[in-house]
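Right, one structure below, let's go through it.
The values are calculated or read from the model by the stated rules, or taken from the named source; none is laboratory data. As the structure is a prediction and not an experimental result, all values here were calculated from the model. Positions of Cβ are generated from backbone atoms using ideal geometry, with glycine treated the same way; all protein chains shown enter the neighbour counts.
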Amino acid sequence: MNKVKGIARYLVNRLVERTLNLSQGRNVGCFAFVDEDGYIAAHGELVDGGLNGIPLRMLLGKVTSMKGKSLIEGLKQLPDNTVFISSRPGKTGLITDVSGVDFFNLPLVNIGVKNKGLAGVGIIYPKAEYYDLATKSEELSLQTLTTCIMEEEKEVLRQTNQLGFRYLDVGEELEIVDLPEMPVVKKKFNGRDWSLPRRQVASLDGDFAQQLVSKSVEIGQGREVAGIGILDDEGRVRPHGRVVAGGIGFVPARLMASSAVDITGKSLYEIYAELVDPQAVIVHTHPGGTGVMHVGDAQAGPATWGRPIIAVGHSKDGRITGATVIETTDQLFDLADEDERLNLEFFEAETPETEAEIRNRKFAIAQEYTGLCKTIEIN
């Protein structure tokens, strides 16, 4: 996409007004579309932010069908002239991170809302150098776990702060222009025939599992270790690439993919939609556990990237205690949709009893995610 020349004033005003009406620090977002003249002139339905910000499945559902789809499959349906717009209550339109453009691989527009009015509009474009910045940020976040003396940790923190200054220049101001108001775009974009396979995982290669666990025990500190596997015709997951060491309780998405593909200059969208094998399975360790997973694992695997995720539990001495998989299923996506709705309903609750019901259901959903774990053989 070429450089955007400006954004329609009426569109900006709509997001500012909606944000002010919501209050409570909640943001508002939508997908919008650049016309032939290079202006953001039309937009899809506005979506209110909830407990966890803009609900992405709901947002995508305004412009494409999300029934039975992961986030990456929904993103694949967006037309090439799409941009993502979000308001920033309490802040200006300044953009100081690349996580959004890394995920969407689209231009992102921030509309600042402050002191009961507009506080600037900023835009960031997809650029290879920004994706490499994101990789560097992931690497630095993990390097603090490998330092052995205070001076080493100080140097890592110094590099992290220096990298932070580079983020001050990733965005630029976007001009607001007077354009005719356009009706809200309610068209569903479903023209691209692209989806990921849904297959049953039966077992995990024993040597692969042991390789992961050995590395996990070697680095210690409760850090998770991961790798990409490939599901063969018999439903067995075999190794595909190298093993990578993550953090305590997580493995960053870019680092994960780098175990199997070259991620240099690529966005997360490009990596998981175009480079990672459709038959890929994410495999990681759960130090001190038995392989049982939770909502975070589901979101890091099938809910976002459309691939099954396996956890291998092990003891501190390297004894494998079990392995489970969360596969790509309609039930998984139904839970994700319901959780997003509850995150919005929370702000509509007018009695303690109603809020309690919402909170209890959210806890129940978390339990149901764990119930999606299927025990698999290691052989």
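Looking at the structure I just gave you, is residue 142 part of a helix (DSSP H, G or I), in contact with a Gly (Cβ under 7 Å, 6 or more places away or on another chain) and over 26 Å from residue 39 (Cα atoms)? Against the criterion (part of a helix (DSSP H, G or I), in contact with a Gly (Cβ under 7 Å, 6 or more places away or on another chain) and over 26 Å from residue 39 (Cα atoms)), residue 142 qualifies.
Inspect the range 88-105 for any residue being without any contact (Cβ under 8 Å) to a residue 60 or more places away in the chain, surrounded by 16 or more Cβ atoms within 10 Å (Cβ to Cβ) and touching a helix residue (DSSP H, G or I) at 6+ places or on another chain (Cβ under 9 Å) and give the result as yes or no. The answer is no, given that none of the residues of the range 88-105 is without any contact (Cβ under 8 Å) to a residue 60 or more places away in the chain, surrounded by 16 or more Cβ atoms within 10 Å (Cβ to Cβ) and touching a helix residue (DSSP H, G or I) at 6+ places or on another chain (Cβ under 9 Å).
Checked against the criterion of being acidic (Asp, Glu) and surrounded by 22 or more Cβ atoms within 10 Å (Cβ to Cβ), the candidates 277, 297 yield just one match: 297.
Annotation: residue 129 fulfils all but one of (1) at pLDDT 95 or above; (2) part of a loop (DSSP other than H, G, I, E, B); the unmet one is (2). Name the residue that is farthest from residue 264 (Cα to Cα), counting only residues in the range 119-133 that are in contact (Cβ under 8 Å) with a residue 60 or more places away in the chain and crowded, with 20+ Cβ neighbours inside 10 Å. Per the criteria, the residue is 121.
For residue 138, are the conditions met, namely being in contact with a Ser or Thr (Cβ under 6 Å, 6 or more places away or on another chain), of a type in the set (D, E, K, R) and not assigned by TED's automatic domain parsing to the domain that holds residue 55? In short, no.
Counting only residues that are assigned to a loop (DSSP other than H, G, I, E, B) and either in contact with a helix residue (DSSP H, G or I) (Cβ under 6 Å, 6 or more places away or on another chain) or free of Cβ contacts under 8 Å to residues at least 60 places away in the same chain (or both), the range 24-48 holds 5 of them.
Confirm whether residue 176 is under 24 Å from residue 265 (Cα atoms), modelled with pLDDT of 95 or more and crowded, with 17+ Cβ neighbours inside 10 Å. Spelling it out, it is not the case that residue 176 is under 24 Å from residue 265 (Cα atoms), modelled with pLDDT of 95 or more and crowded, with 17+ Cβ neighbours inside 10 Å. Against the conditions (1) buried (at least 16 other Cβ atoms within 10 Å of the Cβ); (2) assigned to a loop (DSSP other than H, G, I, E, B), residue 318 satisfies every one except (1). Within the range 146-171, being within 30 Å of residue 15 (Cβ to Cβ) and surrounded by fewer than 12 Cβ atoms within 10 Å (Cβ to Cβ) holds for 165, 168, 169. Before we move on, is residue 67 under 22 Å from the mean Cα position of the chain (by Cα) and surrounded by fewer than 19 Cβ atoms within 10 Å (Cβ to Cβ)? Considered against the rule, which asks whether it is under 22 Å from the mean Cα position of the chain (by Cα) and surrounded by fewer than 19 Cβ atoms within 10 Å (Cβ to Cβ), residue 67 comes out as yes. Residues in the range 231-260 that are under 16 Å from the mean Cα position of the chain (by Cα) and in a helix (DSSP H, G or I): 5 in all. Here residue 142 meets the list (1) in contact with a Lys or Arg (Cβ under 7 Å, 6 or more places away or on another chain); (2) in contact (Cβ under 8 Å) with a residue 60 or more places away in the chain almost entirely, failing just condition (1). The set of residues from the range 21-59 being out of contact with any strand residue (DSSP E or B) (no Cβ under 8 Å at 6 or more places or on another chain), under 24 Å from residue 335 (Cα atoms) and not small (Gly, Ala, Ser) comprises 51, 52, 56, 57.
Residue 192 fulfils the conditions (1) assigned to a helix (DSSP H, G or I); (2) within 19 Å of residue 82 (Cα to Cα); (3) charged (D, E, K, R) except for a single criterion, (1).
Only one of 328, 264 is crowded, with 18+ Cβ neighbours inside 10 Å and either part of a loop (DSSP other than H, G, I, E, B) or touching a Gly at 6+ places or on another chain (Cβ under 7 Å) (or both). Can you tell me which? Give the steps one after another, and end with the answer.
Working: 264 fails: crowded, with 18+ Cβ neighbours inside 10 Å.
So the residue among 328, 264 that is crowded, with 18+ Cβ neighbours inside 10 Å and either part of a loop (DSSP other than H, G, I, E, B) or touching a Gly at 6+ places or on another chain (Cβ under 7 Å) (or both) is 328.
Checking each residue in the range 320-379 for being under 21 Å from residue 302 (Cβ atoms) and acidic (Asp, Glu) picks out 327, 330, 334, 337, 338, 339, 340, 368, 377.
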